[in-house]
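Colleague: Before we start, here is the structure in question, set down as structure tokens.
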Amino acid sequence: MIILKSERDLEAMRPACAVATTVLDDIAAFIQPGVTTRQVDDFAASRIKHYGAKSAFLGYRKYPCQICISVNEQVVHGLAGSRVLNFGDIVSLDVGVVHNGFIGDTARTVAVGGCSVVAQKLMDVTERALHEGIAKALPGGRVVDISRAIQGFVEENGFSVVREFVGHGVGRSMHEEPQVPNFVDGKSSPKLRPGMTIAIEPMVNSGLADVKILNDGWTVVTRDGSLSAHFEHTVLITESEPEILTWSEKIPSKLKAL
Ligand code: MF3
Ligand code: CO
Ligand code: CO
């Protein structure tokens with residue numbers, strides 16, 4: 001069942017999404033060579049608390065950290081630990097918070113100091129693929145329109161979309177219907193209606209699409225060791241243009257210039 005959000009729901013959910021966005025901005029600014037992923041997660045804890053929210057991830061299916069921190073070939077669900085971030089790494093930061101009874105879910109990949117040309121292209125293509133998808137989040141369309149736009153853009157640029165993990169409806173629960181795949185799966189696809197709130201979140205590999213899970217039971221990595229990037233927004237379907245509930249003015253994006 002797809003849960004449509006009322007204006008009253010949205011009055012609570014918009015601030016939840018704003019907190020997720022601001023926490024992610026804060027964490028992105030904290031990233032620099034020499035910090036450990038444990039320090040990043042502890043910093044995330046303090047920022048989430050500062051805004052009066054709670055991590056939506058900690059304890060979810062026994063997930064042990066505040067946020068997901070996935071470095072280089074790690075795709076999603078990377079765990080905090082003693083790993084030191086080095087200049088040239090790329091790190092995917094996924095933040096979910098609960099605030100006012102609603103969840104905001106947003107992710108982006110950032111370079112640690114700087115990165116290779118191919119890593120930068122991977123991040124740019126993934127972010128632009130997200131926005132190609134968002135542009136199709138229109139009433140009267142279907143979820144598959146979003147999926148097709150993302151997959152088409154990624155593959156045109158020579159990269160591959162991960163199949164095993166997908167976007168999702170989001171609201172009072174982190175994972176609501178519908179699923180929002182980043183590829184066309186041939187299954188029947190729900191119609192998009194005003195009031196739907198969905199997390200659109202392409203995970204894109206520079207090599208092959210295949211992934212595996214490490215022995216920690218969480219960390220998803222590319223099978224071929226290639227780099228991976230992840231961008232995510234929580235988006236409201238309206239009567240007209242989609243509203244990006246996790247939009248940040250601080251995303252260092254070249255989207256406007258392109
Ligand atoms: N934030 C992820 C998503 O975008 C879900 C993380 S689940 C966790 O759907 F348990 F790993 F936190
Ligand atoms: Co997320
Ligand atoms: Co999500």
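Colleague: Over segment 28-82, what is the mean sequence separation of C-alpha contacts under 8 Å (at least six apart), divided by residue count, expressed as relative contact order in percent? Walk me through the numbers on the way to the answer.
Modeller: Working: 56 pairs, mean separation 19.0, N = 55.
Computed value for segment 28-82: 34 percent relative contact order.
Colleague: Now, a different point. Considering only the other residues whose Cβ falls under 13 Å of the Cβ of Gln179, what net charge follows from Lys and Arg at +1 and Asp and Glu at -1? If you can, show how the numbers build up before the last one.
Modeller: On the way: positive: Arg142, Arg163, Lys187; negative: Glu164, Glu176, Glu177, Asp185, Glu201.
That works out to -2.
Colleague: Amide H to amide H under 5 Å from Gly104: which residues, 5+ apart in sequence or cross-chain, H placed 1.01 Å off N in plane?
Modeller: Correct list: Val97, His99.
Colleague: Something else: Please give the calculated 222 nm ellipticity per residue for the chain, where each DSSP H segment of at least 4 residues contributes -39500 (n - 2.57) and the sum is spread over every residue; nearest 500 deg cm²/dmol?
Modeller: On the way: 4 runs with 70 residues, N = 258.
It lands at -9000 deg cm²/dmol.
Colleague: Net charge within 12 Å of Gly133 by Cβ-Cβ distance, Lys/Arg positive one each and Asp/Glu negative one each, not counting Gly133 itself?
Modeller: Working: positive: Arg128, Lys136, Arg148; negative: Glu127, Glu132, Asp145, Glu201, Glu232.
Net of charged neighbours comes to -2.
Colleague: Shifting gears a bit: What per residue convex hull volume, in Å³, comes out for the chain when only alpha-carbon positions are used?
Modeller: Values: hull volume 30.4 nm³, N = 258.
Expressed per residue, the convex hull around the Cα atoms of the chain is 118 Å³.
Colleague: Quick one: give the max-minus-min coordinate of the C-alpha atoms of segment 87-148 along each principal axis, largest first, in Å.
Modeller: That gives 44, 32, 12 Å along the principal axes, largest extent first.
Colleague: Once you order the gyration tensor axes a ≥ b ≥ c over the Cα atoms, which shape class does segment 50-165 get: rounded for a/c under 1.5, otherwise prolate or oblate by comparing a/b with b/c? Write down the numbers at each step before the final one.
Modeller: Details: a/c = 2.11, a/b = 1.13, b/c = 1.87.
Oblate, since a/c reaches 1.5 and b/c is not below a/b.
Colleague: Taking H placed 1.01 Å from N in the peptide plane, check which residues at least 5 places from Val235 or on another chain put their amide H under 5 Å from its amide H.
Modeller: When sequence neighbours closer than 5 places are left aside, the close amide H contacts are Ile198, Ala199, Ile200, Leu245.
Colleague: Please identify the DSSP H helices in the chain that span no less than 27 Å along the helix axis (Cα) and have a mean Kyte-Doolittle hydropathy of -1.0 or more. Display every interim value, and only then the final one.
Modeller: On the way: long enough: 7-30 (34 Å, 0.38).
Passing helices, by number: 7-30.
Values quoted throughout were computed directly from the atomic coordinates according to the rules given, and no laboratory measurement underlies them. This one's a predicted model, so the numbers in the text were calculated from it and none came from an experiment. We place every Cβ from the backbone using ideal geometry, glycine too, and count neighbours over all the protein chains shown.
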